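As structure tokens, the structure follows; a few thoughts come after it.
The values are calculated or read from the model by the stated rules, or taken from the named source; none is laboratory data. It should be emphasised that the depicted structure is a prediction, and the values quoted were computed from it without experimental measurement. Here Cβ is always computed from backbone atoms with ideal geometry, including for glycine, and neighbour counts include all displayed protein chains. Please note that ligands, DNA and RNA were not included when accessible areas were found on the heavy atoms of the full protein model with its side chains. Shrake-Rupley method; radii C 1.70, N 1.55, O 1.52, S 1.80 Å.
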Amino acid sequence: MIDQASKTLKDVFGFSEFRQSQKAIIGNVLDKKNTLAIMPTGGGKSLCYQIPALLFDGLTVVISPLISLMQDQVRQLHALNIPSCVLNSSLSTLEYQDNLQAIGEQRCKLVFLAPETALQNSVIELLRCVTVACIAIDEAHCISEWGHDFRPEYRQLNRLLEHFPSAVCIALTATATPRVRSDIKRQLLIPDNSEFIASFDRPNLYLEVLPKDNPYQQATRFIQLHPEQSGIIYCLSRKQVDELSSKLRADGYSVVGYHAGLSSAKRNEAQERFIRDDVHIVVATIAFGMGINKPDVRYVLHYDLPKNIEGYYQQIGRAGRDGLSADCLLLFGYGDTGKIRYFIDQISDEQEKRLATGHLNQMLALAETDTCRRLPLLQYFAETLQNENCAKCDNCCNEAKQKSDLTVAAQKFLSCVYRTGERFGASHIIDVLRGSNAEKILQNQHNLLSTYNIGNEYSKKQWMVLSRQLLQKGLLSQDEQFGGLRLTQQAADVLKGNTPFFAQLQHATVSSKTSSSPAQPGDPALVQILKAERKRLADNDNIPPYAVFADRTLNEMAYYFPHSSPSLLQIHGVGQAKLDKYGEIFLRLISTYCQQNNLQEVSNGQTLSKTVKSSSQTSVKTSGKTLEIIYAFEGGDDIEALATQHKVKAATINKHLYDYVVAGNCLTQPERLLRASKLSQIEIDRVLTTFEQHGTERLKPIYDGLNSQINYEQLHLLRVYFLQHKSAEI
Ligand code: ADP
Ligand code: ZN
């Protein structure tokens, strides 16, 4: 059955591989086992029930909390010729009747409804007359009172399942707290071994934090890195949304504002214009985003600090759902921290207040960290980082960020924690260090400690930054309930002077370059032509452009220049339905463009397009497989991921990179090879010098020349780098 699933993936959706977890989840559902699927936003949850729906005899009922999400799904399914419909209050009586009839006559494979509709007797009766093969519960965290979005109607869904004992149930959510998970499993009778949790890392998102100094200018500069692309700017307040959107509009940007203070008609209109690419930028409060599924949002800018990591993660998660690179920038100012603290002070429940403060501190730790940004982010989801250097955040990419030796400051802080009995929070410790006369200090006689008044060289704010870094690097732990700081085993080493402590106290003030990575190496002029056509077709059919073709699809078209239906079917996202609908139109555009520019189709062993070769003029032979790998590599996939995906060794991927560069092509970010080698700069220099001396033909002399200290995989990577570097010099 899973083979059939793979075939459906290719034939209907035009995708060649399942994503991580999708295969196991779909296999489980096809085996008719109730399943819980936990995947981040953009992880590809929809396919987990859409593919079983197509393979099962009978109907799949999809429960969804939001009308806009249902409509979006149905629009996309219709574009794929998959018979599906919604039942909800947005339909006219006539449409509603039509849809009921389609379901009754078994002309429909998927029906989307809200839980309250699904629980109506008339609807249950109708569904009982047809075979319900599968019940999919989207946004399943709504079942749990512990979730952030509890909906009482969801609580009744177990009744629905009782009516359809032979239907398999799949619950899907992007929220993963253990409490919510076990609640969902209990309610929907899902066994523990049918729970699948995908990694929450979103490797295609480039994460960056900049100190907020001139936010408007910083924002416009960032937007300019993404011309004509869709982006979201999040602000903390409605007023800020109104001001910023007006200002951007006045400066000629294509922008619309969105917040809960607008009428629902205005909000819908804003959302719809964004989805249809009629407007590029939405400036919004956190009210925006839940109801949209737009896959090609290329950036998210946080104009203000989010209140917690959960929110930050959810909001950046709206970028790059299609898997292509996307940029996330957070402008971080201490003034914003004050505003959030003010909100927190208004909370009357002490426990809630402590919780909110804890969440804010986690967010600050992410904003201030000098290590990989993914570290605190994944820590939040109780995941560990796979690679110390993610190569997709400002800290990992920017070696210029200076860390200084703060061992003495760390020792002062840690020893003050120790001397005050490991019961106090950072603020009190800092008061002691800075010699405050506050009553709490005197009451506890902390003015008599040896660590009293020994820390005036740093401001309170700087000490705060240091304390968060000590926490984050595991030298301190914090009592969850009362916030008291305690020393860990690691602290002892720093206190004794055995281990130095390096950190960054002053936030970097230089703007590191945002990735703006050339995610799509397609011929830009052709991409523009194809995009314009996509927009025209979408408007004609009253659907969003991404329901015609995804960005990645257009870029691949402008990269491989397919000239025939079979080659077009090889392109990501082109299945039979899309081929029938749009194939001819797009093939014509591509071939006209190729004729005008003297370009040929790129397939196995054929001529490569001029654009992929960013710098050289000669035409080159490169295999289709190599190009496929290069395409994914240039799109941001790392070597290990590619090896797993293609079920080959990393060495094979390296070989493709080698072939590509030897053929005279250039990788756009060769420094990624250096990072992948995980060697220090000194080692890299040694290897490159050795290549200089011994040439690149054979690696054995290099390996020996370096006393077997650098392994072959690393040498392979650096050889590619060296060769590209050389050809650039020529
Ligand atoms: P989620 O519901 O988890 O947020 P979606 O189901 O909307 O995510 O999928 C996000 C995007 O990823 C969609 O554009 C979808 O077409 C694409 N996608 C999903 N699975 C695959 C796959 N196996 N290969 C390529 N693209 C995929
Ligand atoms: Zn990183």
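Grab the DSSP H runs of the chain that are 4 residues or longer, score each as -39,500 (n - 2.57), total them, divide by all residues and round the 222 nm result to the nearest 500 deg cm²/dmol.
-14000 deg cm²/dmol
Applying Stokes-Einstein at 4 °C and 1.567 mPa s to the Kirkwood radius of region 345-414, computed over alpha-carbon pairs, gives a translational diffusion coefficient of 90 µm² s⁻¹.
Just name one of PRO295, ALA24, SER404: the one whose Cα is farthest towards the positive end of the charge dipole of the chain (beta-carbon charges, Lys/Arg +1, Asp/Glu -1). Checked the options; the winner is SER404. In this structure, SER16 and THR689 have a Cβ-Cβ separation that, at R0 = 35 Å, corresponds to a calculated FRET efficiency of about 0.25. What's the center-to-center distance, using Cα atoms, between region 78-118 and region 474-505 in Å? When both Cα centres are located, 58 Å separates them. Size of region 241-320 from its Cα atoms: along the principal axes, largest to smallest, the extents are 32, 24, 24 Å. What would the Debye formula give as log10 I(q)/I(0) at q = 0.21 Å⁻¹ for the alpha-carbon point model of region 354-493, no solvent? Log10 of I(q)/I(0), two decimals: -1.35.
In the chain, a dipole from Cβ-located charges (positive for Lys and Arg, negative for Asp and Glu) runs towards its positive end, and of SER68, TYR206, ASN542 it is TYR206 whose Cα lies farthest in that direction.
For GLY43, what charge total do you get from the other residues with a beta carbon under 10 Å from its beta carbon, if Lys and Arg give +1 and Asp and Glu give -1? Computed value for this residue: +4. Here the dipole of region 330-469 is about 160 debye; that uses its Cα centre as origin and unit charges on the Cβ of Lys and Arg (positive) and Asp and Glu (negative).
Per-peptide packing, taken as the mean over residues of other Cβ atoms within 10 Å, places 332-341, 251-260, 199-208 in the sequence 199-208, 251-260, 332-341 from highest down.
Remark: region 236-317 carries a charge dipole of roughly 120 debye about the Cα centre, counting +1 on each Lys and Arg Cβ and -1 on each Asp and Glu Cβ. The mean sequence distance of close C-alpha pairs (under 8 Å, at least 6 residues apart), as a share of the length of the chain, puts its relative contact order at 11 percent. Across region 282-342, the mean sequence separation of Cα contacts (distance under 8 Å, 6 or more residues apart), normalised by length, yields a relative contact order of 40 percent. Note on region 48-185: dipole from Cβ charges, positive end direction compared against LEU161, ASN99, PRO115; the farthest Cα belongs to LEU161.
Taken per residue, the accessible surface of the chain reaches 44 Å², heavy atoms only and a 1.4 Å probe.
Normalised by the residues of region 379-492, what does the relative contact order come to in percent, with Cα pairs under 8 Å and at least six apart? Each step should come with its number before you reach the end.
Values: 112 pairs, mean separation 27.7, N = 114.
Value for region 379-492: 24 percent.
Report the extension gain between GLU697 and GLN120 in nm, rounded to one decimal, defined as 0.36 nm multiplied by the number of residues separating them, less their alpha carbon distance. Let's see the in-between values first.
On the way: separation 577, 0.36 × 577 = 207.72 nm, distance 7.29 nm.
Net length gain for the segment: 200.4 nm.
State whether the chain is rounded, prolate or oblate according to the following rule on the C-alpha gyration tensor (a ≥ b ≥ c being the square roots of its eigenvalues): a/c under 1.5 gives rounded; otherwise a/b larger than b/c gives prolate, and the remaining case gives oblate. Oblate.
So, counting K/R as plus one and D/E as minus one, what does the shell of residues with Cβ under 14 Å around THR420 add up to?
On the way: positive: LYS412, ARG419, ARG423, ARG434, LYS440, ARG486; negative: GLU422, ASP431, ASP479.
Summing Lys and Arg as +1 and Asp and Glu as -1 gives +3.
Restrict the search to region 647-726; then list the trypsin sites (Lys or Arg not before Pro) that DSSP places in a loop and that have at most 10 other Cβ atoms within 10 Å of their Cβ. The partial results should precede the final answer.
Working: sites: LYS647, LYS649, LYS655, ARG672, ARG675, LYS678, ARG686, ARG698, ARG719, LYS726; in loops: LYS647, LYS649, LYS678, ARG698.
Filter output for region 647-726: LYS647, ARG698.
Where the eigenvalues come from the Cα gyration tensor of region 377-436, what are the semi-axes √(5λ) of the equivalent ellipsoid, largest first, in whole Å?
Values: eigenvalues 200, 60, 19 Å².
Equivalent ellipsoid semi-axes, largest first: 32, 17, 10 Å.
When DSSP beta bridges are limited to those with both residues in the chain, what percentage is antiparallel, rounded to the nearest 5? Provide the component values of the computation, followed by the final result.
Values: 6 of 55 bridges.
Just about 10 percent of them are antiparallel.
In this calculation the C-beta distance from GLN217 to GLU272 is compared with R0 = 41 Å, giving a FRET efficiency of 0.85.
Of the heavy-atom accessible surface of region 199-322 (probe 1.4 angstrom), what whole percent is carbon and sulfur? Carbon plus sulfur share of accessible area: 48 percent.
For ILE197 and GLN386, the FRET efficiency from 1/(1 + (r/R0)^6), where r spans their Cβ atoms and R0 equals 22 Å, is about 0.90.
Gain on full extension, evaluated as 0.36 nm per residue between LYS247 and ASN81 minus their Cα-Cα distance, stands at 55.5 nm. Think of each Lys and Arg Cβ as +1 and each Asp and Glu Cβ as -1; about the Cα centre, that makes the dipole of the chain roughly 620 debye.
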